[in-house]
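Just so it is clear, none of the values below were taken in a lab; they were calculated from the coordinates. Because the structure is predicted, anything quoted here is derived from the model rather than measured. We place every Cβ from the backbone using ideal geometry, glycine too, and count neighbours over all the protein chains shown.
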Amino acid sequence: MSKTTKQVDEVVIRFAGDSGDGMQLTGGRFTETTAIVGNDLSTLPDFPAEIRAPAGSLAGVSAFQIKFSSKDIHTPGDAPDILVAMNPAALKAHQTEILPGGTIICNANAFTPKNLKLAGYETNPLEDKTLEDHYTVYSVEMSKMVALASEDLGLSSKIVDRTKNFFALGLLFWIYDRPTQPTKDWLAIKFAKKPEIVEANVRAMDAGYNYGETTEIFTTRYTVDKASLPPGTYRNVVGNYALSMGLAAAAEKSKLNLFYGGYPITPASDILHTLSAWKHLGIKTFQAEDEIAGITAVLGAAFTGSLGVTATSGPGIALKGEAMGLAVIAELPIVVVNVQRGGPSTGLPTKTEQSDLLQAMYGRNGEAPMPVIASSTPGDCFYAAYEACRIAIKYMTPVVLLTDGYLANGSEPWQVPVLKDLPPIDIKFADKSSIVDGQFMPYLRNKKTLARPWAIPGMKGLEHRIGGIEKEDVTGNVSYDPENHHHMVETRAKKVETIADEFGKSEIFGNKSGDLLILSWGGTKGACRSAVEALQAKKKKVSHLHIRWINPLPKDLGEILIKFKNVLMPEINYGQLSKIIRAEYLVDIKGLNLVRGKPISSADIQEEANSLIG
Amino acid sequence: MAETKTTKTYTRQDFTSDQAVRWCPGCGDYAILAQTQKVFPDLGVDKENFVFISGIGCSSRFPYYMDTYGFHTIHGRAPAIASGVKLANPELSVWVVTGDGDGLSIGGNHTIHLLRRNLDINVMLFNNRIYGLTKGQYSPTSEVGKVTKSTPMGSLDRPFNPLTLSLGAGATFVSRTIDKETKHLQDMIKRSHNHKGTSFMEIYQNCNIFNDGAFSPLTDRETKLETVLWLENNSPMIFGAEKNKGIRLEGNTPKVIEIGDKWSIDDVLVHDESDYVIASLLSNMTYNPDFPDPVGVLYAVEDTTYEDMMIDQLNEAVKKKDKGSIQDIINSGDTWVVK
């Protein structure tokens, strides 16, 4: 039977299985291969907080979604076109999200009475025909086929069974016409010391590929053309990795030593892991005894002339709050990264949320303003981190960088930046010009940036004392003077406001006026842009504005807002930035606040927009 | 201990800042500050290489009065901030000034972790067995039953013994001195400085406002010869007005003996700073009415410092991969070109 090839613009695949089924790895390999093929892509890993929830249970389902396209895309997609379900629980957890007409591929061997019971099925959905009315279902005996493929390797059946994810991967490679060689090369390196494991996985992948090729079950394969991205060299990049590279790039450009202090916490730990592997760049990493020691060691390093960075998630920020206040009053340059996750308290550690914005803005005692920047895509984590460092150093201020679980673990094709093209980060340490009457003046400010001089231990003649007690401006001496305190409160606020002078005009996507402006910040940018593109295609007068710096806000924001009849702000929180903007500009912003631990979809936004402007 | 020796000659004045000292008149902190300023010119370090880090509390005002680099930080965190300073520049001579509340209560966690990591940082813990800055609540070193504003019927907490705590945390240098013993205080500051690794120095310090006389048995002329055991390495542990009392080990148990008919000097335990068991025995004489309080260096051993190992790893990484550029990492992985 001949196979037909169909060309499509974009595809959304979701791999779902038990935590032990290797779904993140499968998704990762499919992503890397898709990047090499040249599609634009966006991914969304979704895994449970438990390292290994009981096998076969709904709580233990781990999933990875990828959208890839021949066009420029902004999100990992809403509903999947195709679901790969490695067991009944995976099917149960994700089936409702597949659109009617979608495809389901299951590992039939995992649909045992025990697993069906664990997932809450009374009858086997692969046999009772309940799915077939709505979906195209392929029930494939993956476990059996990998067992046959590797039966002569002398490996235990348990180990061989673990290769079934590579069967699924091979099958998907065939369906979407992707090469298997890059994954074979990757396996050879990854398991260099275990050639029999390499062989078993290669056989499983080939078996899956050949299953698609030779059986008559799959009649159609699909091709997705290369995306027309701007010319350049590309790679696929995951958010936390991009962020780490951005920090290292800032250190290299500024010629400062990067000192990273932190305490492991999901979903920020990969930044610690990544930087720890780059010791050859001179990066110092310090796994501290707790979150507080993480940031305070960083403050000590910043006092000593390093580029100090700490990263954590919401609960860690709560603990670091007092030290952030110390950084504000001591006016030391550090970057505090918050990879946001679901809260409050431990909340949803592996799920995404944007609910720490008010914490970043106001979560400290006293008037303690900090610049806050938010990255918008996995690749943008690089630039946001670089920018956060540049601003921290230039203005001698701590900076908060907000990302989230979706950005941290998600990935996208990324045009490889060239270091020399990045904006310069010039360091000017304190010198004799800050000495007045023989005394170094630690708070004698740069008139334009209001930055104080950075004198570091070891510099002769610039010995000085700073601390958390209010300072007299210029001299830095302890001062309880009422007027001085008011002046310092004002100065610290003004310093942050001054940063807005660096921003150019805000870039509006669409017309500068109209029926609706959709405002976004952080990781909702992609979904908002997709929604606005779809609405504009239907001739709706809708525009999009993305806000990169939360503090300070762009100076032209107020005049932009009033040009639109409606303003809609989707946020994965209960209305945090919308609250600030309402207060700041007295504009009645509508919130779309869906706090479900997952990204807001383009469809959610379009629906809300339509209800606002009809 | 800083790596590079100075060629300059300093005086006490060089380490005195222009800030007025604001401790209560009669506070033991004055003596500690004075001895520090007096002994620092002799340490052989360029003064720009000294850094004082403190937390919160009366003692933590200390950095303001030293004309060195200083950072008066937040409650309990000085050891962690100091760790960042030392790791950022291991050439610096870093000093932590803390108190029994700052270093053992709110910041206890940082203190023990600094000690186990063995960074070359000098900790001066002023122990006055009371909260002074907050006006007189009991502290983690206050005795059981201490009546204070927050414990009108007496405190229920069993106190920490800072010496056993630091030994348990893996400290490589553990010592104790007393604010009023100026010469000994200077010696202990020098010993701390010369020790490579974290040095822990407990300083008995009198708070004459909220806990006056807490150490008077150890400092009063009439009693101190009987109550203090002055430690000297390789010397027998002898004390008493007549120098006729000693510490003898019976099995694993220390006992006070009288040298004379029954016992001779040869029966007295000889101090060995490198012996952890002896240090342990000594530290547990604290709070024990049957024994004198040990004062001096209880324990001092050399071990690799955290920062030296960190630098070794950095050098090792450069040797393996060459000093790279982040550009190489940015460019690595599976890349493709769009034309």
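So, in region A:297-331, exactly how many residues are within 17 Å of residue B:87 (Cα to Cα) and surrounded by fewer than 24 Cβ atoms within 10 Å (Cβ to Cβ)?
The total comes to 1.
Considering only region A:408-458, how many residues are over 26 Å from residue A:496 (Cα atoms) and more than 14 Å from every other protein chain (Cβ to nearest Cβ)?
Here the count works out to 3.
Could you go through region B:128-150 and let me know if any residue there is over 21 Å from residue A:287 (Cβ atoms), in contact with a Gly (Cβ under 7 Å, 6 or more places away or on another chain), of a type in the set (Lys, Arg) and more than 14 Å from chain A (Cβ to nearest Cβ).
Yes - at least one qualifying residue is present in region B:128-150.
State all residues of region B:326-339 that are surrounded by 15 or more Cβ atoms within 10 Å (Cβ to Cβ) and either part of a loop (DSSP other than H, G, I, E, B) or of a type in the set (A, V, I, L, M, F, W, C) (or both); if no residue qualifies, say none.
Listed by number, the residues that qualify are B:326, B:329, B:330, B:336, B:338.
Which ones in region A:258-293 are assigned to a loop (DSSP other than H, G, I, E, B) and either β-branched (Val, Ile, Thr) or on the phi > 0 side of the Ramachandran plot (or both)?
A:265, A:266, A:282, A:283
Considering every residue within region A:286-298, establish whether at least one is within 11 Å of chain B (Cβ to nearest Cβ), small (Gly, Ala, Ser), touching a residue at least 12 places away in the same chain (Cβ under 8 Å) and in contact with a His (Cβ under 9 Å, 6 or more places away or on another chain).
Scanning region A:286-298, I find at least one residue that is within 11 Å of chain B (Cβ to nearest Cβ), small (Gly, Ala, Ser), touching a residue at least 12 places away in the same chain (Cβ under 8 Å) and in contact with a His (Cβ under 9 Å, 6 or more places away or on another chain), so the answer is yes.
Can you confirm whether region A:220-241 contains a residue that is more than 21 Å from residue A:413 (Cβ to Cβ) and either away from chain B (no Cβ under 12 Å) or buried (at least 23 other Cβ atoms within 10 Å of the Cβ) (or both)?
Within region A:220-241 (the criterion being more than 21 Å from residue A:413 (Cβ to Cβ) and either away from chain B (no Cβ under 12 Å) or buried (at least 23 other Cβ atoms within 10 Å of the Cβ) (or both)), the answer is yes, since at least one residue qualifies.
How many residues does region B:67-95 hold that are under 12 Å from residue B:107 (Cβ atoms) and of a type outside the set (S, T, N, Q)?
9
Do we have any residue at all in region A:47-65 that's part of a loop (DSSP other than H, G, I, E, B), away from chain B (no Cβ under 14 Å), among the β-branched types (Val, Ile, Thr) and closer than 25 Å to residue A:201 by Cα?
yes
Taking interchain pairs and intrachain pairs at least six residues apart, which have beta carbon atoms under 7 angstrom, with the first residue in region A:169-187 and over 10 Å from residue A:33 (Cβ atoms) and the second surrounded by fewer than 21 Cβ atoms within 10 Å (Cβ to Cβ) and among the β-branched types (Val, Ile, Thr)?
From residues that are over 10 Å from residue A:33 (Cβ atoms), the pairs are A:170/A:180; A:177/A:223; A:184/A:202; A:187/A:198; A:187/A:202.
Within region B:91-101, can one find any residue that is in a loop (DSSP other than H, G, I, E, B), within 15 Å of the chain's Cα centre (by Cα) and in contact (Cβ under 8 Å) with a residue 12 or more places away in the chain?
no
May I ask you to list the residues in region A:258-277 that are within 7 Å of chain B (Cβ to nearest Cβ) and more than 12 Å from residue A:316 (Cβ to Cβ)?
Once the filter is applied, which keeps residues that are within 7 Å of chain B (Cβ to nearest Cβ) and more than 12 Å from residue A:316 (Cβ to Cβ), region A:258-277 yields only A:259.
Given the structure, is residue B:109 over 20 Å from residue B:175 (Cα atoms) and facing another protein chain (nearest Cβ under 7 Å)?
Judged against the criteria, residue B:109 is not a match.
Determine the pairs where a residue that is assigned to a strand (DSSP E or B), located within region A:85-108, has a partner that is of a type in the set (Lys, Arg) with Cβ atoms under 8 Å apart, the partner being 6 or more residues away or on another chain.
Once the first residue is assigned to a strand (DSSP E or B) and sits in region A:85-108, its partners that are of a type in the set (Lys, Arg) give A:107/A:164.
Rundown of residues vs (1) under 23 Å from residue A:82 (Cβ atoms); (2) in a helix (DSSP H, G or I), yes/no style:
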| site | (1), (2) |
| --- | --- |
| A:128 | yes, no |
| A:174 | yes, yes |
| A:185 | no, yes |
| A:197 | no, yes |
| A:206 | yes, yes |
| A:210 | yes, yes |
| A:217 | yes, no |
